[in-house]
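Nothing in this text is a laboratory measurement; each read-out follows from the coordinates by a stated rule. Just so you know, these numbers come straight off a predicted model, no measurement behind them. Don't worry about glycine lacking a Cβ; one is built from the backbone with ideal geometry, like all the others, and counts go over all protein chains shown.
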Amino acid sequence: MENTNKLEKFFMSEGAFAVFMALICSGVFAGTSIFIQYHTGSFSTTSVTVMLSEALTTGSFAAVIGYTGGFLLARVLEGPLVGILDIGGAIMTGVGAGLPGLLLSMGYTSLVENFILSLLTGAVIGIVLAAVILGIRKLMPGGYSSMGTDIMVGAGNIVGEWFGPIILIMAAKFDIWTGLGAMLGAVLCHTKKSPIIGGAILGAMIVGYIAFLLGFTTLGIGA
Amino acid sequence: MLDLVIKSIIVGGLAGAGAAGGAARMFHAPGIQGMGAFRTLGEMNACNGDPIAHFSYGLGFLFSSAGSVVGTGSLSSDVLHRLVPQWSAGLTIAASKDKTASGNPFKMMISGAVVGAAVVTFLNTLAGLIPSTMATIAEKIVSPAAELILSPILPVAFWISALGAGKWHGVFATVFGVLAQSIMGNATPGCVLGILVGQSVQDEGFTSKRSILMIGFVTVMFLLIAYFRGKF
């Protein structure tokens with residue numbers, strides 16, 4: 001028990017950020033290794049993955065590197081400022097597509113294509129990025145400690161309140177049956193005092209699918 | 001096939017552990033550095049510690065990710081942005097029976113490794129089995145809703161909070177929010193910075209060392225980000 005507490009404390013510390021970065025970058029970078037071998041499993045956004053496939057077949061990486069490199073740098077600079085690193089631009093796109101593209105174009109193909117090496121390369125990239133981000137935080141004046149955090153929690157709660165109704169609107173907009181399903185799910189959840197969002201999504205999918213199978217609606221597919 | 005399964009488990013476990021642990025740390029930002037995205041934080045807040053809500057929200061994206069992986073080989077960014085954090089949160093909360101457990105990076109890291117390995121292996125091997133109708137329904141409902149949340153609801157929520165928090169919070173959130181929208185494509189980071197700088201100005205005054213340094217620092221960062229994103 002005491003060991004668990006120690007571990008939990010460690011992972012709340014500033015330095016443990018490097019551990020999480022090593023983990024995620026290792027996985028994402030090696031994911032691209034899998035993608036090159038099997039054409040599945042890239043963590044990058046769909047559009048960037050399409051760009052990467054294009055580059056892999058033509059051998060011209062300039063577009064991928066230019067696009068993703070800018071994103072990576074911008075996100076690494078922004079991350080320490082706001083306290084949240086955007087893993088979309090920085091890791092999935094930058095580490096998942098940009099850096100493998102860069103290494104491949106420079107001829108270091110084994111670092112990407114060899115699965116074990118790709119895991120290690122990714123981990124090293126993660127640690128380097130973490131060092132840069134933590135370094136920028138050290139330079140930040142004044143420290144952060146709870147500055148305005150309550151205000152941001154308030155903002156998070158506003159978003160939470162909006163989400164359920166928006167899912168309901170989208171479900172009803174898409175198809176009457178998904179709308180009714182979402183309505184049913186949301187009502188059930190609300191009477192059980194849990195957030196309506198889960199019920200709305202599941203209800204829309206289940207009722208929508210059943211209505212489609214029974215031929216009540218085409219859902220705009222194949223009609 | 002076995003080779004692909006083993007590699008998927010390794011990659012999914014690693015990336016899942018990192019993403020979920022980083023997501024848990026977002027609840028403690030900016031005190032400690034977290035990672036994920038503001039929208040992930042908002043969406044996790046929306047599910048409010050209810051395991052079923054966390055699970056269903058992630059499930060919607062399992063279907064759309066399956067569509068993406070079959071079509072292009074990309075798991076889609078939703079796997080690490082939404083599926084892994086939401087399901088890890090649901091798993092952690094259900095296992096510990098503690099609604100706040102999704103803010104515990106250690107527990108989330110363990111759940112994330114399990115969820116990541118399972119989801120990535122499933123998507124890499126079995127995604128083709130999901131009925132395309134289910135994928136379409138999820139995509140047509142959840143994706144546009146998520147897009148609306150990303151902009152304008154998320155920045156508006158931060159903006160309203162900043163305007164309500166005080167004179168300087170509102171002023172700086174407005175200035176940085178507009179700049180962030182045009183430079184980064186979303187106003188949220190600007191509004192967050194506005195709240196941070198506004199708090200500093202309100203606490204210690206305009207001419208305090210901390211306020212001057214922070215405003216200067218933010219200015220330099222904005223210029224650099226604008227440069228790297230090719231804005232001039």
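What is the angle, in °, between the Cα long axis of helix B:209-228 and the longest principal axis of the Cα atoms in chain B? Nearest 10 is fine, range 0 to 90. Helix B:209-228 sits roughly 50 degrees off the main axis of chain B.
Relative to the longest principal axis of chain A, what angle (0 to 90°, nearest 10) does the C-alpha long axis of helix A:2-11 take? Relative to chain A, helix A:2-11 is tipped by roughly 80 degrees.
The order of the peptides B:93-104, B:45-56 by mean Cβ neighbours within 10 Å, most packed first, is B:45-56, B:93-104. For the stretch B:163-232 versus the stretch A:71-115, the inter-centroid distance based on Cα atoms is 26 Å. Peptide A:110-123 has a mean of 1 when you count, residue by residue, the C-beta atoms of other protein chains within 10 Å of its C-beta.
Here, the stretch B:93-222 has an Rg and a Dmax of 20.7, 63 Å when only alpha carbons are counted. For the protein assembly as shown, the Kirkwood hydrodynamic radius from C-alpha pairs, put into Stokes-Einstein at 4 °C and a viscosity of 1.567 mPa s, yields a diffusion coefficient of 59 µm² per second.
With the cut-off at 20 Å, tell me which of the pairs A:Lys193/B:Lys99; A:Lys138/B:Lys107; A:Lys138/B:Lys209; A:Lys193/B:Lys97 have Cα atoms farther apart than that. With Cα atoms farther than 20 Å apart: A:Lys138/B:Lys107. Taking every residue in B:58-66 and counting other chain Cβ atoms within 10 Å of its Cβ, the average works out to 2.
Ellipticity at 222 nm from helices only: DSSP H runs of n ≥ 4 in chain A, each -39500 (n - 2.57), divided by the residue count, give -24500 deg cm²/dmol. Rounded to the nearest 10 degrees, the inclination of helix A:176-191 to the longest alpha-carbon principal axis of chain A is 80 degrees. From the Cα gyration tensor of chain A, with a ≥ b ≥ c the square roots of its eigenvalues, which class applies: rounded if a/c is under 1.5, or else prolate if a/b is larger than b/c, or else oblate? Oblate, because a/c is 1.5 or more while a/b does not exceed b/c. What fraction of the Cα pairs in the stretch B:59-149, stated in percent, has a spacing above 21 angstrom? Of all Cα-Cα distances in the stretch B:59-149, 35 percent exceed 21 Å. Counted by Cβ distance under 11 Å from B:Ile93, the other residues give a net charge of +1, where Lys and Arg count +1 and Asp and Glu count -1. Applying 1/(1 + (r/R0)^6) with R0 = 45 Å to the Cβ-Cβ distance of A:Ser105 and B:Thr125, what FRET efficiency is obtained, to the nearest 0.05? The computed FRET efficiency comes out at 0.90. Between the stretch B:120-154 and the stretch A:15-34, the C-alpha centres lie 24 angstrom from each other. Here r is the Cβ-Cβ distance between A:Leu7 and A:Ile116 and R0 is 30 Å; the resulting FRET efficiency, rounded to 0.05, is 0.65.
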